[in-house]
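Working notes, structure below.
The values are calculated or read from the model by the stated rules, or taken from the named source; none is laboratory data. This one's a predicted model, so the numbers in the text were calculated from it and none came from an experiment. Here Cβ is always computed from backbone atoms with ideal geometry, including for glycine, and neighbour counts include all displayed protein chains. Just so you know, the surface numbers come from the protein's heavy atoms only, side chains and all, with ligands and any DNA or RNA stripped out. Shrake-Rupley method; radii C 1.70, N 1.55, O 1.52, S 1.80 Å.
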Amino acid sequence: MSIADRADPRRSRGSRNRCHKVIVWLLRKVHRLVNSVRKSSSSALIAALAMVFAASCTQQPERVDSTPPAPTGKQTLPARAVYDPPAKFNTQAGVLMPWEATSGLLSVGGTWLGDSKIPVALHKDKAYVATLDRLLAFNTTTGSLTATIAPTADALSVLSENDRNNAAPPVVTPGADPLVLAPFFVRRPGVGTQAATNFIELTATDASSDKVGWRLPLTLPSWTKDGSPRTVSVIGASEKVAIVTVSTGASSLFSAATTYGIDLTARRVVWTKDRFEATAVTGKIVAGELETSDGTYESARGYDLLTGTERWHGEDRLNLDVKPAGPHLLLVQAQNKDDARVHIQQFLDPATGAVKHEAPEDIAGSRCGHDGQNTVVCSWNQGNLYKVWAFNDRTASLLWQLPDQTANRIAPRVTAVWNGRVYGKTDNGPLALDSRTGADLPTRPGVAPFLVNGYTGLALSPEDDLTAYPAAR
(Lines give C-alpha, C1' and ligand atoms only; values in the text may rest on other atoms or scores of the structure.)
Protein backbone atom coordinates (compact mmCIF):
# COMPACT_ATOMS: atom_id res chain seq x y z
CA MET A 1 0.00 0.00 0.00
CA SER A 2 1.34 3.44 -0.89
CA ILE A 3 2.00 6.21 1.63
CA ALA A 4 -1.00 8.07 0.23
CA ASP A 5 -3.18 5.00 0.74
CA ARG A 6 -2.11 4.69 4.38
CA ALA A 7 -2.72 8.39 5.01
CA ASP A 8 -6.16 8.51 3.44
CA PRO A 9 -8.62 5.62 4.08
CA ARG A 10 -10.72 6.74 1.10
CA ARG A 11 -7.96 5.63 -1.27
CA SER A 12 -6.74 2.24 -2.37
CA ARG A 13 -9.16 -0.57 -1.73
CA GLY A 14 -12.25 0.39 -3.75
CA SER A 15 -10.30 1.67 -6.76
CA ARG A 16 -7.81 -1.22 -6.62
CA ASN A 17 -10.56 -3.85 -6.67
CA ARG A 18 -12.27 -2.22 -9.63
CA CYS A 19 -8.92 -1.82 -11.43
CA HIS A 20 -8.15 -5.51 -10.99
CA LYS A 21 -11.49 -6.38 -12.61
CA VAL A 22 -10.49 -4.26 -15.59
CA ILE A 23 -7.11 -6.03 -15.73
CA VAL A 24 -8.79 -9.41 -15.98
CA TRP A 25 -10.95 -8.20 -18.84
CA LEU A 26 -8.01 -6.64 -20.68
CA LEU A 27 -5.84 -9.73 -20.29
CA ARG A 28 -8.58 -11.87 -21.80
CA LYS A 29 -8.68 -9.53 -24.78
CA VAL A 30 -4.88 -9.66 -25.13
CA HIS A 31 -4.94 -13.43 -24.97
CA ARG A 32 -7.35 -13.57 -27.88
CA LEU A 33 -5.13 -11.23 -29.92
CA VAL A 34 -1.98 -13.27 -29.39
CA ASN A 35 -3.49 -16.73 -29.65
CA SER A 36 -1.60 -17.23 -32.89
CA VAL A 37 1.71 -16.57 -31.12
CA ARG A 38 3.72 -19.43 -29.61
CA LYS A 39 2.51 -20.33 -26.13
CA SER A 40 5.73 -19.28 -24.40
CA SER A 41 5.77 -15.88 -26.10
CA SER A 42 2.09 -15.37 -25.37
CA SER A 43 2.57 -16.16 -21.68
CA ALA A 44 5.54 -13.82 -21.42
CA LEU A 45 3.60 -11.00 -23.05
CA ILE A 46 0.59 -11.46 -20.78
CA ALA A 47 2.81 -11.60 -17.67
CA ALA A 48 4.55 -8.38 -18.68
CA LEU A 49 1.25 -6.63 -19.32
CA ALA A 50 -0.10 -7.82 -15.96
CA MET A 51 2.87 -6.22 -14.20
CA VAL A 52 2.24 -2.92 -15.99
CA PHE A 53 -1.48 -2.95 -15.24
CA ALA A 54 -0.91 -3.91 -11.58
CA ALA A 55 1.59 -1.09 -11.16
CA SER A 56 -0.90 1.39 -12.60
CA CYS A 57 -3.53 0.15 -10.15
CA THR A 58 -1.32 0.75 -7.13
CA GLN A 59 -0.43 4.22 -8.35
CA GLN A 60 -3.95 5.45 -9.07
CA PRO A 61 -5.77 7.08 -6.09
CA GLU A 62 -9.45 6.77 -5.31
CA ARG A 63 -11.32 9.55 -7.06
CA VAL A 64 -12.95 10.79 -3.83
CA ASP A 65 -10.58 12.91 -1.75
CA SER A 66 -11.26 13.88 1.86
CA THR A 67 -10.30 17.52 1.21
CA PRO A 68 -11.27 19.48 -1.90
CA PRO A 69 -8.29 20.46 -4.10
CA ALA A 70 -7.11 24.02 -3.90
CA PRO A 71 -8.61 26.19 -6.66
CA THR A 72 -6.23 26.98 -9.52
CA GLY A 73 -8.22 29.93 -10.76
CA LYS A 74 -11.72 30.62 -11.92
CA GLN A 75 -13.16 27.54 -13.56
CA THR A 76 -16.40 27.37 -15.50
CA LEU A 77 -18.03 24.00 -15.97
CA PRO A 78 -20.37 23.43 -18.90
CA ALA A 79 -24.05 23.69 -18.04
CA ARG A 80 -25.44 20.36 -16.87
CA ALA A 81 -28.36 19.09 -18.94
CA VAL A 82 -31.58 18.65 -16.97
CA TYR A 83 -34.24 16.08 -17.87
CA ASP A 84 -37.14 16.05 -15.47
CA PRO A 85 -38.12 13.30 -15.24
CA PRO A 86 -35.21 11.38 -16.78
CA ALA A 87 -36.24 8.78 -19.32
CA LYS A 88 -32.75 7.33 -19.54
CA PHE A 89 -29.42 7.52 -17.72
CA ASN A 90 -25.96 7.52 -19.26
CA THR A 91 -24.49 4.27 -17.95
CA GLN A 92 -21.10 5.06 -19.51
CA ALA A 93 -20.60 8.33 -17.60
CA GLY A 94 -21.35 7.36 -14.00
CA VAL A 95 -19.18 8.53 -11.09
CA LEU A 96 -18.71 6.50 -7.94
CA MET A 97 -20.33 7.85 -4.80
CA PRO A 98 -18.34 8.14 -1.55
CA TRP A 99 -18.13 4.84 0.34
CA GLU A 100 -19.97 6.42 3.27
CA ALA A 101 -23.22 6.37 1.27
CA THR A 102 -23.55 2.58 1.49
CA SER A 103 -21.17 1.59 4.28
CA GLY A 104 -22.53 -1.55 5.96
CA LEU A 105 -25.92 -1.12 4.27
CA LEU A 106 -25.66 -3.52 1.34
CA SER A 107 -25.66 -7.29 1.24
CA VAL A 108 -23.19 -9.22 -0.92
CA GLY A 109 -25.86 -9.45 -3.59
CA GLY A 110 -26.31 -5.68 -3.71
CA THR A 111 -29.60 -5.36 -1.82
CA TRP A 112 -30.31 -2.99 1.05
CA LEU A 113 -30.23 -4.63 4.46
CA GLY A 114 -33.47 -4.63 6.44
CA ASP A 115 -35.29 -1.30 6.35
CA SER A 116 -32.13 0.69 5.60
CA LYS A 117 -32.59 4.11 4.06
CA ILE A 118 -29.92 5.51 1.81
CA PRO A 119 -28.41 8.37 3.89
CA VAL A 120 -28.30 10.75 0.93
CA ALA A 121 -30.26 13.77 -0.29
CA LEU A 122 -30.05 15.15 -3.83
CA HIS A 123 -30.13 18.85 -4.70
CA LYS A 124 -29.55 19.76 -8.33
CA ASP A 125 -26.26 18.09 -9.31
CA LYS A 126 -25.10 17.66 -5.71
CA ALA A 127 -25.50 14.71 -3.40
CA TYR A 128 -25.31 15.22 0.36
CA VAL A 129 -24.19 12.14 2.29
CA ALA A 130 -24.84 11.99 6.04
CA THR A 131 -22.93 9.95 8.60
CA LEU A 132 -23.01 10.03 12.41
CA ASP A 133 -20.03 12.40 12.49
CA ARG A 134 -19.98 14.35 9.21
CA LEU A 135 -21.92 15.57 6.19
CA LEU A 136 -20.32 15.24 2.76
CA ALA A 137 -21.14 17.48 -0.19
CA PHE A 138 -20.47 15.60 -3.43
CA ASN A 139 -20.60 16.93 -6.99
CA THR A 140 -22.18 14.28 -9.21
CA THR A 141 -20.95 16.04 -12.36
CA THR A 142 -17.24 16.05 -11.54
CA GLY A 143 -17.18 13.17 -9.06
CA SER A 144 -15.44 15.37 -6.50
CA LEU A 145 -16.04 15.94 -2.82
CA THR A 146 -16.61 19.68 -2.43
CA ALA A 147 -17.04 19.95 1.34
CA THR A 148 -16.96 17.98 4.58
CA ILE A 149 -19.06 19.46 7.35
CA ALA A 150 -18.39 18.21 10.88
CA PRO A 151 -19.95 19.24 14.19
CA THR A 152 -17.97 21.64 16.37
CA ALA A 153 -18.28 19.32 19.38
CA ASP A 154 -16.95 15.74 19.42
CA ALA A 155 -19.29 13.25 17.73
CA LEU A 156 -20.32 10.36 19.97
CA SER A 157 -19.82 7.93 17.06
CA VAL A 158 -17.32 8.04 14.19
CA LEU A 159 -17.96 6.10 11.00
CA SER A 160 -15.11 3.96 9.71
CA GLU A 161 -15.14 2.04 6.45
CA ASN A 162 -17.26 -1.14 6.64
CA ASP A 163 -19.08 0.14 9.75
CA ARG A 164 -22.82 0.38 9.31
CA ASN A 165 -23.86 3.94 8.55
CA ASN A 166 -26.94 4.41 10.74
CA ALA A 167 -27.36 8.10 9.96
CA ALA A 168 -30.71 9.31 8.69
CA PRO A 169 -30.83 11.08 5.33
CA PRO A 170 -30.21 14.85 5.49
CA VAL A 171 -33.08 17.13 4.51
CA VAL A 172 -32.95 19.98 1.99
CA THR A 173 -35.44 22.70 2.86
CA PRO A 174 -37.76 24.10 0.15
CA GLY A 175 -37.64 27.67 -1.11
CA ALA A 176 -35.26 30.03 -2.88
CA ASP A 177 -32.47 29.71 -0.30
CA PRO A 178 -32.40 26.03 0.63
CA LEU A 179 -30.53 24.70 3.64
CA VAL A 180 -29.18 21.20 4.13
CA LEU A 181 -30.10 20.08 7.65
CA ALA A 182 -28.17 17.33 9.44
CA PRO A 183 -28.18 16.51 13.18
CA PHE A 184 -25.34 14.93 15.17
CA PHE A 185 -25.08 13.37 18.62
CA VAL A 186 -22.12 15.15 20.22
CA ARG A 187 -20.33 15.57 23.54
CA ARG A 188 -18.90 18.71 25.13
CA PRO A 189 -16.05 17.78 27.47
CA GLY A 190 -16.14 18.86 31.10
CA VAL A 191 -14.23 21.95 32.21
CA GLY A 192 -13.38 22.59 35.84
CA THR A 193 -16.47 21.79 37.90
CA GLN A 194 -18.64 21.64 34.79
CA ALA A 195 -19.45 18.04 33.89
CA ALA A 196 -19.29 16.77 30.33
CA THR A 197 -22.53 17.16 28.40
CA ASN A 198 -24.13 15.16 25.58
CA PHE A 199 -26.46 17.01 23.22
CA ILE A 200 -27.62 17.22 19.60
CA GLU A 201 -25.93 19.66 17.26
CA LEU A 202 -28.11 20.61 14.30
CA THR A 203 -26.12 21.99 11.36
CA ALA A 204 -27.68 24.14 8.65
CA THR A 205 -25.54 24.28 5.49
CA ASP A 206 -26.17 26.70 2.63
CA ALA A 207 -26.90 24.52 -0.41
CA SER A 208 -25.48 27.11 -2.81
CA SER A 209 -22.07 27.49 -1.14
CA ASP A 210 -21.82 24.29 0.97
CA LYS A 211 -20.79 26.45 3.91
CA VAL A 212 -22.38 26.13 7.35
CA GLY A 213 -24.88 28.92 7.88
CA TRP A 214 -25.56 28.20 11.54
CA ARG A 215 -25.59 25.54 14.23
CA LEU A 216 -28.12 24.92 16.98
CA PRO A 217 -27.61 22.83 20.14
CA LEU A 218 -30.62 20.75 21.25
CA THR A 219 -30.90 19.51 24.83
CA LEU A 220 -31.38 15.77 25.02
CA PRO A 221 -34.54 14.53 26.79
CA SER A 222 -34.19 13.02 30.27
CA TRP A 223 -35.01 9.50 29.07
CA THR A 224 -31.68 9.38 27.18
CA LYS A 225 -29.68 9.55 30.38
CA ASP A 226 -29.73 5.77 30.83
CA GLY A 227 -27.68 5.31 27.67
CA SER A 228 -30.49 3.74 25.65
CA PRO A 229 -29.91 3.34 21.89
CA ARG A 230 -30.86 6.57 20.13
CA THR A 231 -31.55 7.77 16.62
CA VAL A 232 -31.95 11.36 15.53
CA SER A 233 -33.33 12.60 12.23
CA VAL A 234 -34.80 15.63 10.54
CA ILE A 235 -38.29 14.41 9.64
CA GLY A 236 -39.12 17.25 7.28
CA ALA A 237 -39.25 20.99 6.91
CA SER A 238 -41.11 23.92 5.43
CA GLU A 239 -39.41 27.19 4.55
CA LYS A 240 -39.99 28.33 8.16
CA VAL A 241 -39.92 25.31 10.46
CA ALA A 242 -37.95 22.06 10.66
CA ILE A 243 -38.93 19.01 12.69
CA VAL A 244 -36.27 16.95 14.49
CA THR A 245 -37.07 13.72 16.34
CA VAL A 246 -34.85 11.72 18.69
CA SER A 247 -36.04 8.22 19.57
CA THR A 248 -34.89 4.89 20.94
CA GLY A 249 -33.43 2.45 18.49
CA ALA A 250 -35.14 -0.72 17.33
CA SER A 251 -32.98 -2.77 19.72
CA SER A 252 -34.11 -0.85 22.79
CA LEU A 253 -36.04 -2.67 25.52
CA PHE A 254 -38.45 0.26 25.77
CA SER A 255 -39.68 2.92 23.36
CA ALA A 256 -39.42 6.66 23.81
CA ALA A 257 -39.29 9.71 21.57
CA THR A 258 -39.09 13.49 21.71
CA THR A 259 -39.79 15.89 18.86
CA TYR A 260 -38.56 19.47 18.42
CA GLY A 261 -40.08 22.22 16.29
CA ILE A 262 -37.31 24.59 15.14
CA ASP A 263 -37.80 28.09 13.74
CA LEU A 264 -35.37 28.30 10.82
CA THR A 265 -35.40 32.10 10.77
CA ALA A 266 -34.99 32.73 14.50
CA ARG A 267 -32.76 29.62 14.77
CA ARG A 268 -34.30 28.40 17.99
CA VAL A 269 -36.56 25.68 19.36
CA VAL A 270 -40.16 26.93 19.45
CA TRP A 271 -41.86 23.80 20.78
CA THR A 272 -41.07 20.33 22.13
CA LYS A 273 -43.23 17.20 22.51
CA ASP A 274 -42.20 14.29 24.69
CA ARG A 275 -43.58 10.81 23.87
CA PHE A 276 -44.29 12.04 20.31
CA GLU A 277 -42.41 10.52 17.39
CA ALA A 278 -42.96 12.63 14.27
CA THR A 279 -43.02 10.72 11.00
CA ALA A 280 -44.39 13.15 8.41
CA VAL A 281 -44.50 16.86 7.62
CA THR A 282 -47.36 17.71 5.26
CA GLY A 283 -48.43 21.27 4.62
CA LYS A 284 -48.89 23.02 7.96
CA ILE A 285 -49.14 19.77 9.95
CA VAL A 286 -46.60 17.46 11.53
CA ALA A 287 -48.06 13.99 12.10
CA GLY A 288 -46.83 10.95 13.95
CA GLU A 289 -47.34 8.66 16.92
CA LEU A 290 -47.99 9.71 20.52
CA GLU A 291 -47.41 7.09 23.21
CA THR A 292 -49.66 6.97 26.26
CA SER A 293 -48.03 7.91 29.55
CA ASP A 294 -47.87 4.28 30.67
CA GLY A 295 -46.47 3.14 27.33
CA THR A 296 -49.34 0.73 26.66
CA TYR A 297 -50.85 2.23 23.52
CA GLU A 298 -50.17 4.78 20.81
CA SER A 299 -52.41 7.12 18.86
CA ALA A 300 -51.96 8.97 15.59
CA ARG A 301 -51.67 12.71 16.17
CA GLY A 302 -51.48 15.87 14.12
CA TYR A 303 -49.90 19.08 15.46
CA ASP A 304 -49.58 22.57 14.06
CA LEU A 305 -46.16 22.84 12.45
CA LEU A 306 -45.52 26.40 13.68
CA THR A 307 -46.84 26.22 17.24
CA GLY A 308 -47.05 22.53 18.19
CA THR A 309 -50.75 22.91 19.02
CA GLU A 310 -52.73 19.69 18.67
CA ARG A 311 -55.04 19.72 15.63
CA TRP A 312 -56.43 16.18 15.82
CA HIS A 313 -55.91 12.82 17.47
CA GLY A 314 -56.82 9.25 16.59
CA GLU A 315 -57.85 6.28 18.69
CA ASP A 316 -55.46 4.35 20.91
CA ARG A 317 -53.94 1.43 19.01
CA LEU A 318 -51.43 -1.38 19.35
CA ASN A 319 -48.28 -1.50 17.19
CA LEU A 320 -49.15 1.76 15.50
CA ASP A 321 -47.21 2.80 12.40
CA VAL A 322 -47.88 6.18 10.77
CA LYS A 323 -46.15 6.76 7.43
CA PRO A 324 -46.15 9.65 4.96
CA ALA A 325 -47.97 8.97 1.70
CA GLY A 326 -47.48 12.17 -0.24
CA PRO A 327 -48.55 15.73 0.65
CA HIS A 328 -52.23 14.88 1.21
CA LEU A 329 -52.29 11.41 2.83
CA LEU A 330 -50.97 9.36 5.73
CA LEU A 331 -50.86 5.57 5.72
CA VAL A 332 -51.77 4.23 9.16
CA GLN A 333 -51.31 0.59 10.12
CA ALA A 334 -52.11 -0.82 13.57
CA GLN A 335 -53.98 -3.41 15.61
CA ASN A 336 -57.16 -2.90 17.60
CA LYS A 337 -56.26 -2.43 21.27
CA ASP A 338 -59.20 -4.58 22.39
CA ASP A 339 -58.63 -7.37 19.87
CA ALA A 340 -55.13 -7.69 18.42
CA ARG A 341 -56.46 -10.02 15.72
CA VAL A 342 -58.12 -7.03 14.08
CA HIS A 343 -55.61 -5.26 11.79
CA ILE A 344 -56.18 -1.71 10.60
CA GLN A 345 -54.86 -0.21 7.36
CA GLN A 346 -56.20 3.23 6.50
CA PHE A 347 -55.35 6.37 4.58
CA LEU A 348 -55.90 9.50 6.67
CA ASP A 349 -56.17 13.18 5.83
CA PRO A 350 -53.12 14.73 7.59
CA ALA A 351 -54.93 18.05 8.03
CA THR A 352 -57.91 16.60 9.95
CA GLY A 353 -57.12 12.98 10.82
CA ALA A 354 -60.27 11.84 8.99
CA VAL A 355 -60.21 8.48 7.23
CA LYS A 356 -60.00 9.02 3.46
CA HIS A 357 -60.04 5.39 2.36
CA GLU A 358 -59.39 1.88 3.60
CA ALA A 359 -56.06 0.54 2.38
CA PRO A 360 -55.56 -2.95 0.92
CA GLU A 361 -55.19 -5.62 3.60
CA ASP A 362 -51.87 -6.84 2.24
CA ILE A 363 -50.27 -3.38 2.15
CA ALA A 364 -48.73 -3.86 5.62
CA GLY A 365 -44.97 -3.38 5.55
CA SER A 366 -44.97 -1.35 2.34
CA ARG A 367 -43.26 1.93 1.58
CA CYS A 368 -45.01 4.78 -0.19
CA GLY A 369 -43.67 7.59 -2.33
CA HIS A 370 -45.30 10.54 -4.07
CA ASP A 371 -44.64 10.99 -7.76
CA GLY A 372 -44.50 14.79 -7.54
CA GLN A 373 -47.75 15.12 -9.46
CA ASN A 374 -50.95 13.45 -8.26
CA THR A 375 -50.16 9.81 -7.49
CA VAL A 376 -48.93 7.86 -4.47
CA VAL A 377 -47.10 4.63 -5.24
CA CYS A 378 -46.69 2.01 -2.51
CA SER A 379 -44.48 -1.05 -2.90
CA TRP A 380 -43.87 -4.18 -0.88
CA ASN A 381 -41.28 -6.88 -1.20
CA GLN A 382 -40.42 -10.02 0.71
CA GLY A 383 -37.64 -12.11 -0.73
CA ASN A 384 -38.38 -12.38 -4.44
CA LEU A 385 -42.05 -11.46 -4.08
CA TYR A 386 -43.11 -7.93 -5.07
CA LYS A 387 -46.35 -5.94 -5.02
CA VAL A 388 -47.11 -2.42 -6.21
CA TRP A 389 -50.18 -0.20 -5.73
CA ALA A 390 -50.91 3.29 -7.07
CA PHE A 391 -53.47 5.61 -5.45
CA ASN A 392 -54.97 9.00 -6.17
CA ASP A 393 -53.03 11.30 -3.84
CA ARG A 394 -56.16 13.09 -2.55
CA THR A 395 -58.94 10.49 -2.47
CA ALA A 396 -56.72 7.42 -1.89
CA SER A 397 -58.73 5.51 -4.47
CA LEU A 398 -56.83 2.67 -6.14
CA LEU A 399 -55.63 3.46 -9.68
CA TRP A 400 -53.76 0.26 -10.56
CA GLN A 401 -51.78 -2.55 -8.98
CA LEU A 402 -49.26 -5.23 -9.90
CA PRO A 403 -48.99 -8.14 -10.32
CA ASP A 404 -51.95 -8.35 -12.67
CA GLN A 405 -52.60 -11.96 -13.64
CA THR A 406 -55.35 -11.09 -16.13
CA ALA A 407 -52.90 -8.98 -18.13
CA ASN A 408 -50.00 -11.39 -17.55
CA ARG A 409 -47.98 -8.66 -15.85
CA ILE A 410 -45.57 -9.12 -12.95
CA ALA A 411 -44.68 -6.59 -10.29
CA PRO A 412 -41.28 -4.90 -10.42
CA ARG A 413 -39.07 -4.18 -7.48
CA VAL A 414 -39.70 -0.44 -7.13
CA THR A 415 -36.59 1.60 -6.38
CA ALA A 416 -37.80 5.20 -6.80
CA VAL A 417 -40.81 7.34 -7.72
CA TRP A 418 -40.22 10.71 -9.33
CA ASN A 419 -42.25 13.25 -11.30
CA GLY A 420 -44.72 10.92 -12.97
CA ARG A 421 -42.46 7.88 -13.25
CA VAL A 422 -41.92 4.70 -11.29
CA TYR A 423 -38.40 3.31 -11.58
CA GLY A 424 -37.59 -0.29 -10.78
CA LYS A 425 -36.45 -3.60 -12.19
CA THR A 426 -37.49 -7.17 -12.86
CA ASP A 427 -35.51 -10.16 -14.10
CA ASN A 428 -35.85 -8.49 -17.51
CA GLY A 429 -33.76 -5.53 -16.36
CA PRO A 430 -34.37 -1.91 -15.31
CA LEU A 431 -37.69 -0.33 -16.33
CA ALA A 432 -39.89 2.71 -15.91
CA LEU A 433 -43.67 2.88 -15.54
CA ASP A 434 -46.15 5.70 -15.98
CA SER A 435 -47.13 6.39 -12.36
CA ARG A 436 -50.71 7.33 -13.25
CA THR A 437 -51.54 4.34 -15.44
CA GLY A 438 -48.92 1.74 -14.53
CA ALA A 439 -48.08 1.25 -18.20
CA ASP A 440 -44.55 0.27 -19.22
CA LEU A 441 -42.76 3.22 -20.79
CA PRO A 442 -41.00 2.46 -24.09
CA THR A 443 -37.59 3.88 -23.13
CA ARG A 444 -35.60 1.69 -20.79
CA PRO A 445 -33.78 3.84 -18.19
CA GLY A 446 -30.62 1.71 -18.19
CA VAL A 447 -30.44 1.59 -14.38
CA ALA A 448 -32.91 1.36 -11.52
CA PRO A 449 -32.13 4.44 -9.37
CA PHE A 450 -32.75 4.55 -5.63
CA LEU A 451 -32.70 8.36 -5.68
CA VAL A 452 -33.36 10.51 -8.72
CA ASN A 453 -33.87 14.11 -9.84
CA GLY A 454 -33.56 15.93 -13.14
CA TYR A 455 -29.76 15.80 -13.03
CA THR A 456 -28.84 12.33 -11.85
CA GLY A 457 -29.89 8.92 -10.62
CA LEU A 458 -28.11 6.98 -7.87
CA ALA A 459 -28.03 3.28 -8.67
CA LEU A 460 -25.81 0.26 -8.18
CA SER A 461 -23.21 -0.48 -10.84
CA PRO A 462 -22.66 -4.03 -12.10
CA GLU A 463 -19.99 -4.29 -9.37
CA ASP A 464 -22.59 -3.23 -6.74
CA ASP A 465 -20.99 0.19 -6.15
CA LEU A 466 -23.37 3.10 -5.63
CA THR A 467 -22.91 5.30 -8.69
CA ALA A 468 -24.29 8.64 -9.83
CA TYR A 469 -25.46 8.29 -13.44
CA PRO A 470 -26.26 11.52 -15.32
CA ALA A 471 -29.72 11.91 -16.80
CA ALA A 472 -29.37 11.48 -20.56
CA ARG A 473 -32.82 12.32 -21.94
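Keeping all protein chains in place, calculate the accessible area per residue for the stretch 319-449 (probe 1.4 angstrom), answer in Å². The answer is 48 Å² per residue. Cross-link pairs exceeding 24 Å in C-alpha to C-alpha distance, out of 211/240; 88/284; 225/323; 126/211; 124/356; 284/323, comprise 88/284; 225/323; 124/356.
Extending 7 Å from the Cα toward the beta-carbon at both residue 394 and residue 195 defines two label points whose distance is 5.5 nm.
Could you work out what % of the accessible surface of the stretch 226-346 is carbon and sulfur, using a 1.4 angstrom probe and leaving DNA, RNA and ligands out of the count? Intermediate values should be presented prior to the final figure.
On the way: 2490 of 5530 Å².
Reported share for carbon and sulfur atoms: 45 percent.
Starting from the residue with the highest accessible area, list 331, 385 in decreasing order, probe 1.4 Å. Mind showing how you got there, number by number?
Details: 331 0, 385 110 Å².
Final ranking, largest accessible area leading: 385, 331.
Computed with every protein chain present, the accessible area of residue 102 is close to 30 Å² [probe 1.4 Å].
Largest first, how would 361, 277 line up by accessible area (1.4 Å probe)? Walk me through the numbers before you get to the answer.
Details: 361 160, 277 65 Å².
From most accessible down to least: 361, 277.
Run the accessible area of the stretch 392-473 with a 1.4 Å probe and give the carbon-and-sulfur part as a rounded percent. Kindly include the intermediate steps, with their values, before the conclusion.
Values: 1680 of 3640 Å².
So the carbon and sulfur contribution to the accessible surface is 46 percent.
Could you tell me the calculated FRET efficiency between residue 93 and residue 162, based on Cβ-Cβ distance and R0 = 22 angstrom, to the nearest 0.05? Kindly include the intermediate steps, with their values, before the conclusion.
On the way: r = 28 Å, r/R0 = 1.28.
Step by step, r from the Cβ atoms, then E = 0.20.
Between residue 309 and residue 440, what length in nm is gained on full extension when 0.36 nm per residue of separation is reduced by their alpha carbon distance? Please report the intermediate quantities before stating the final value.
On the way: separation 131, 0.36 × 131 = 47.16 nm, distance 4.49 nm.
Difference between extended and current length: 42.7 nm.
State the percentage of accessible surface on the stretch 91-167 attributable to carbon and sulfur atoms; use a 1.4 Å probe and exclude ligands, DNA and RNA. Solvent-exposed carbon and sulfur of the stretch 91-167 make up 47 percent of the total.
Per residue, how large is the accessible surface of the stretch 233-305? Use a 1.4 angstrom probe and give square angstrom.
Numbers: 3000 Å² over 73 residues.
Result: 41 Å² per residue.
In this Cβ point-charge picture (+1 for Lys and Arg, -1 for Asp and Glu), the stretch 74-224 has a dipole of about 200 debye about its Cα centre.
Which order do 133, 274, 362 take when ranked by solvent-accessible area (1.4 Å probe, heavy atoms of all protein chains), largest first?
Details: 133 20, 274 90, 362 65 Å².
Most to least solvent-accessible, the answer reads 274, 362, 133.
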